[in-house]
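The values are calculated or read from the model by the stated rules, or taken from the named source; none is laboratory data. Note that the structure is predicted; figures quoted are calculated from it, not measured. We place every Cβ from the backbone using ideal geometry, glycine too, and count neighbours over all the protein chains shown.
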Amino acid sequence: MKNEKSSMDTVPNRPFKEWKAGNLKVALWKNKKDMEDGSEIEFKTVSLTRSYRKTGEDIWRHDVINLRRNDLQKAILVLQKAQEDLLLFNNEKDDE
């Protein structure tokens with residue numbers, strides 16, 4: 001018989017580390033995955049959250065991107081390229 005957990009046994013997953021800068025927050029999460037052989041592995045993920053309120057609304061909204069370890073360097077690279085373009089090659093025509 002499979003060991004089933006009741007809703008009372010489940011604890012919401014919370015980040016074990018967080019950093020905030022303005023309306024951006026990065027959080028590190030510990031996750032577990034059951035493997036086919038019955039073993040369990042632990043892995044970490046990163047979430048990037050941008051919080052905002054739309055004009056005229058009193059509700060906070062949150063855009064979340066979840067990343068794995070192998071995604072981080074790629075995300076940093078493409079964000080740096082975007083920053084380079086915006087800062088180094090900014091043309092007043094682009095701001096229209």
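Taking every residue in region 17-30 that is of a type in the set (Gly, Ala, Ser) and pairing it with any residue that is surrounded by 11 or more Cβ atoms within 10 Å (Cβ to Cβ), at least 6 positions away or on another chain, the pairs with Cβ-Cβ distances below 6 Å are ALA27/PRO15; ALA27/GLU18; ALA27/SER47. The residues on offer are GLU42, GLU4, GLU57, and the sole one that is of a type in the set (D, E, K, R), at pLDDT 90 or above and surrounded by fewer than 11 Cβ atoms within 10 Å (Cβ to Cβ) is GLU42. Flag set for LEU28, criterion: touching an Asp or Glu at 6+ places or on another chain (Cβ under 8 Å) and part of a strand (DSSP E or B). Within region 40-77, the residues that satisfy the criterion of being touching a Phe, Trp or Tyr at 6+ places or on another chain (Cβ under 9 Å), of a type outside the set (Phe, Trp, Tyr) and part of a strand (DSSP E or B) are LYS44, THR45, VAL46, SER47, SER51, ARG53, ARG61, HIS62, ASP63, ASN66, ARG68.
Is it true that ASP37 is more than 23 Å from the chain's Cα centre (by Cα), exposed (fewer than 10 other Cβ atoms within 10 Å of the Cβ), modelled with pLDDT of 95 or more and outside any strand (DSSP E or B)?
For ASP37, the condition - more than 23 Å from the chain's Cα centre (by Cα), exposed (fewer than 10 other Cβ atoms within 10 Å of the Cβ), modelled with pLDDT of 95 or more and outside any strand (DSSP E or B) - is met.
Scanning region 11-50 for residues that are touching a helix residue (DSSP H, G or I) at 6+ places or on another chain (Cβ under 8 Å) and of a type in the set (D, E, K, R) turns up just one, LYS44. Inside region 15-24, can you point out the residues that are within 17 Å of ARG50 (Cβ to Cβ) and in contact with a Lys or Arg (Cβ under 8 Å, 6 or more places away or on another chain)? Correct list: GLU18, TRP19, ASN23, LEU24.
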